[in-house]
Amino acid sequence: MEPEVIKAELVLPTHLSFKRMQMYEKYPKGQARGRHWKHLKQILQAENFQNYPPDEPNYVNIESPPSMHPCKRICDLTGFEAPYFDPRTNLRYASADVFKLVRSLPNEYVQRYLALRNAAVVLK
Amino acid sequence: MPFISQFHRQSDYNYFSSTTPIVIDNGASYFRIGWAGETDPRVIFRNIVQRPRHKATGETVTIVGDHDPALLKYFDCTRSGPRSAFDSNVVYQFEIMEYILDFGFDRLGANGSQIDHPILITECVCNPVQSRCKMAELLFETYGVPSVAFGVDAAFSYKYNQRHGICDKDGLAICPGFTTTHVIPFIDGEPVYKGCCRTNIGGFHVTDYLKQLLSLKYPHHMARFTWEKVEDLKMEHCYIAPDYTSEARLFQKGTKEAEDKTRCWQLPWVPPPVEEPPSEEEIARKAAIKERQGQRLREMAEAKRSSRINELENQLRGMEFLLQQLEQVEEAEIPSFLKDTGYVSKQEIESSLVKVTLSLRKAKGEPKAEQAEVEEKSDSSMNEKYPLVNIPDNMLTPEQIKEKRRQLFLKTTSDGRQRAKQKRQEEELERERKNQLDEEKRLENPELYLEQMRVKYKELSEKVEQRKRLKANGNHSNGNNVPGGVGRGERLNAAQRERMRLLTTAAFDRGKGEDTFGAKDEDWQLYKLMSKDNDDDDDEGLDEDEVELAQISSRLQEIDPAFVPKLDVGPSQPAPEIPRFRPLTKEDFQILLGVERFRCPEILFHPNLVGIDQAGLDEMAGVSIRRLSTKDQDLEERLTSSILMTGGSCLYPGMSERLEAGIRMIRPCGSPIKVVRALDPILDAWRGASTYAAALQFPQQTFSRMDYYEKGEDWLRRYQFCYTL
């Protein structure tokens, strides 16, 4: 290790005195580590919230409902107010100049703009 | 915002008794750890872990938190991005959590055989019991902690501010965090989770949005927009507009206000060294050098020519001398005489003499007129060689007739050659004349001429391109052409279809089972037919057009200073304008943040802008009050008159005004609304927790390992921290 790295104490030491079981014992090298951690969705599924009374607040209960306000429509490219919508690329645009830009975008950029709005078609 | 991590190793761990709790604020963005009762956490770092490989030794090491990027160059970080233990705001990756806790305790100075202090750790609202269990297990088993307590960070922050009089015991806590935003009502100092509300949008999404927008707007500088840099930009420049639409309109109109509000980030850029135009002396010097070189070359050529002339003359003189000698010698002795010199007969000497004279004349550079004369002379001499042609047949012998036929043949061919030459000369004259006319036309009205040429050029080039496109793509080309080549089946054009038809009929029309294609000569005519079909009708017209196009383009290049020939781009979209090459200027390296400044934080109020279909901040307050479902108008008024903003993402300028306006819209007219910001939105949660842990009744709120193992998971689910002590 380079001296300045040691001085900065960048790296976590492998043996810590206050631990009862060290990391290298818990996760021996070579074994697949961490693939058995459940993601949030799986945790929530395993919780079985439907078994408990719906009145009690739990992680899923307290989530906000969809918005009641009318959806704000802004131009995908510039951020101005956008009353218009391009049917071919599904992008919103604010004026004719922006429209020219929209039509001249390569497909990759169109998909990225749509992905910002979570409106891109994702093929899995 | 400056680099706020601090992780010096603390040295006073041993001074604290084992009843002093350690307080941990385990947030999705930062991890804060310190001692109870103090005002500031001792160690703060980003809650991420990297596991790169050391380049020299090859071992995989663990690096916790954010560090000086200069030191990271010793490690190969390509395969190890920063990883977080959180999924939304819930801890799910306990291996990473363990690394983080290791680091935290280590920097706090822990050095016993176990952590002997009670721990107060924060979690999210309504944490799933699995996550809680695993965390408790981790702390009890691996670290040997005697007792643990879980609390909600927003609640601690609220209580801390309540203690300092910022907000009342009834109120709302609005907490925009890193990945989520919560609104929690407080009644009598206790959070009421029934009325709690959570939207999955936070500072992380704002930074991500800004990063994507900038990358799309400035694709050349994409490498510059790292997540950390964009976060810095966001913290420095973003603000919340009081009304999004009117602010956007300001920018759309391009008013002076908008100009003022646009911030500019200048990337480092070095202008290319400007070449000075060569000075007069330089030019003169270079011209003199060129002149001298030219002179030298000319001299060399002269010398060569004169030496060649001398050589030829010598040869000539030698041969003439030889001839003279030959005349004096008798006939019989000629062969032996000539053996020495290398010539075989007199004729040979004469013919080589003639050749040498000719080359001498050429070397001396005599005018071509002589040559033409020579040619004509040869022609006329050849005419004399056809004496028999004009004599009618019946007067000649058979041999002479044969001779005559040969001479006739020769004559007709030479006649033909002459005619061709004449025609060529005439054509040249014609072309000269046309060019002359053209020049006159150009000189009298250059502008009009140029315009006409340009128009013709454009028309022709379009025609040519279209034909090429039709040929290559069939009839399926619209504006957004995907360059992919010819399709199959129905997309072949007429000529190709014809070809396929011919081939298939040829292949399948033969006798049963036997393939006798090619046995007869006529079969191969098939290919002729195919190629004729394919090429003939298109090519000729195309050639004409192409030739004319080439002519016009060369003409335009000569006379039009601004003309750039349209290169053969093949089957692709015609560019609207040919991009002219210009040197990169300072402006190309500037990143302008105009609309993005207030567009990005807007998503906290309108999550639909990024596709998350949930209520925004102002609406969430209404939802939260509704969920409480109290009929008590008074209580609602008390709630809205003490609204606290806490959490890292509430530091945007203009947020409180916007929030107030938003909540006013959904509350009945005239209800009191007061929005305040916490004293220190980032550290208040830890401070609140620290004050709690220092209180005397704190140990009653914790649970020990015994409790955990006896009472089990179910009890843990119902475990709640009581915030009023």
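Quick check, is B:Ser461 within 34 Å of the chain's Cα centre (by Cα), of a type outside the set (Lys, Arg) and at pLDDT 65 or above?
In short, yes.
Looking across B:Ile591, B:Ile625, one residue alone is modelled with pLDDT under 90, more than 26 Å from B:Ala223 (Cβ to Cβ) and either assigned to a helix (DSSP H, G or I) or among the β-branched types (Val, Ile, Thr) (or both). It is B:Ile625. May I ask you to list the residues in segment B:153-170 that are buried (at least 24 other Cβ atoms within 10 Å of the Cβ) and out of contact with any helix residue (DSSP H, G or I) (no Cβ under 6 Å at 6 or more places or on another chain)? Matches in segment B:153-170: B:Ala154, B:Ala155, B:Tyr158, B:Asn161. Can you spot a residue in segment B:2-24 that is touching an Asp or Glu at 6+ places or on another chain (Cβ under 8 Å), within 14 Å of chain A (Cβ to nearest Cβ), in a strand (DSSP E or B) and touching a residue at least 12 places away in the same chain (Cβ under 8 Å)? Looking for residues that are touching an Asp or Glu at 6+ places or on another chain (Cβ under 8 Å), within 14 Å of chain A (Cβ to nearest Cβ), in a strand (DSSP E or B) and touching a residue at least 12 places away in the same chain (Cβ under 8 Å), one finds none in segment B:2-24, hence no. Whenever a residue of segment B:284-307 is free of Cβ contacts under 8 Å to residues at least 40 places away in the same chain, its partners that are not in a helix (DSSP H, G or I), lying with C-beta atoms within less than 9 angstrom and at least six residues away or across chains, give the pairs B:Lys286/B:Pro278. In segment B:207-221, the residues that are within 11 Å of another protein chain (Cβ to nearest Cβ) and under 17 Å from B:Glu231 (Cα atoms) form Cβ pairs under 9 Å with partners that are surrounded by fewer than 20 Cβ atoms within 10 Å (Cβ to Cβ) and acidic (Asp, Glu), at six or more places apart or across chains, as follows: B:Leu210/B:Glu231; B:Lys211/B:Glu231. Looking for something within 25 Å of B:Ala615 (Cα to Cα), touching a strand residue (DSSP E or B) at 6+ places or on another chain (Cβ under 8 Å) and touching a residue at least 12 places away in the same chain (Cβ under 8 Å) - is there at least one such residue anywhere in segment A:56-68? Yes; the residues of segment A:56-68 include at least one that is within 25 Å of B:Ala615 (Cα to Cα), touching a strand residue (DSSP E or B) at 6+ places or on another chain (Cβ under 8 Å) and touching a residue at least 12 places away in the same chain (Cβ under 8 Å). Can you confirm whether B:Ser147 is of a type in the set (Ser, Thr, Tyr) and within 13 Å of chain A (Cβ to nearest Cβ)? So B:Ser147 fails the test.
All but one of (1) crowded, with 23+ Cβ neighbours inside 10 Å; (2) touching an Asp or Glu at 6+ places or on another chain (Cβ under 8 Å); (3) more than 10 Å from every other protein chain (Cβ to nearest Cβ) hold for B:Leu604; which doesn't? Result: B:Leu604 fails condition (2) only. Taking the numbered list (1) at pLDDT 85 or above; (2) at the interface with another protein chain (Cβ under 10 Å from one of its Cβ atoms); (3) more than 30 Å from B:Phe94 (Cβ to Cβ) in turn, A:Leu44 passes all entries but (3). Residues that are more than 14 Å from chain A (Cβ to nearest Cβ), in contact with a His (Cβ under 7 Å, 6 or more places away or on another chain) and either over 17 Å from B:Cys600 (Cβ atoms) or touching a residue at least 40 places away in the same chain (Cβ under 8 Å) (or both) occur in segment B:260-276; there is at least one.
Out of the residues in segment B:164-201 that are of a type in the set (Lys, Arg) and at pLDDT below 90, which is nearest to the chain's Cα centre (by Cα)? Filtering first and then ranking leaves B:Lys194. Kindly check whether there is at least one residue in segment B:245-252 that is more than 11 Å from chain A (Cβ to nearest Cβ), β-branched (Val, Ile, Thr) and free of Cβ contacts under 8 Å to residues at least 60 places away in the same chain. No, every residue in segment B:245-252 fails to be more than 11 Å from chain A (Cβ to nearest Cβ), β-branched (Val, Ile, Thr) and free of Cβ contacts under 8 Å to residues at least 60 places away in the same chain. Taking segment A:76-101 as the range and being touching a helix residue (DSSP H, G or I) at 6+ places or on another chain (Cβ under 8 Å), more than 9 Å from chain B (Cβ to nearest Cβ) and under 16 Å from B:Lys217 (Cβ atoms) as the test, the residues that pass are A:Asp76, A:Leu91, A:Tyr93. Meeting the requirement of 1 or more residues that are under 29 Å from the mean Cα position of the chain (by Cα) and of a type in the set (Gly, Ala, Ser), the helices (runs of 4 or more DSSP H) wholly within segment B:203-265 are B:203-217, B:244-253. Candidates in segment B:105-130 are the residues that are more than 30 Å from B:Thr180 (Cα to Cα) and surrounded by 19 or more Cβ atoms within 10 Å (Cβ to Cβ); of these, the one that is farthest from the other protein chains (Cβ to nearest Cβ) is B:His117.
For segment A:1-41, the set of residues classified as assigned to a helix (DSSP H, G or I), modelled with pLDDT under 75 and more than 8 Å from every other protein chain (Cβ to nearest Cβ) consists of A:Pro3, A:Ile6, A:Lys7, listed by residue number. Within segment A:102-124, restricting attention to residues that are of a type in the set (D, E, K, R) and part of a loop (DSSP other than H, G, I, E, B), which residue is farthest from the other protein chains (Cβ to nearest Cβ)? The residue in question is A:Lys124.
Selection within segment A:47-70: residues that are facing another protein chain (nearest Cβ under 7 Å) and not in a loop (DSSP other than H, G, I, E, B). The member of this set that is farthest from B:Cys175 (Cα to Cα) is A:Glu47. So, in segment B:25-41, of the ones that are part of a loop (DSSP other than H, G, I, E, B) and among the acidic types (Asp, Glu), which residue ends up surrounded by the fewest Cβ atoms within 10 Å (Cβ to Cβ)? Of everything passing the filter in segment B:25-41, B:Asp40 is surrounded by the fewest Cβ atoms within 10 Å (Cβ to Cβ).
None of B:Val610, B:Val623, B:Val595 is surrounded by 16 or more Cβ atoms within 10 Å (Cβ to Cβ), within 14 Å of another protein chain (Cβ to nearest Cβ), in contact with a Lys or Arg (Cβ under 7 Å, 6 or more places away or on another chain) and among the β-branched types (Val, Ile, Thr) except B:Val610.
The values are calculated or read from the model by the stated rules, or taken from the named source; none is laboratory data. This one's a predicted model, so the numbers in the text were calculated from it and none came from an experiment. Reconstructed Cβ throughout: ideal geometry from the backbone, glycine too, with neighbour counts over all protein chains shown.
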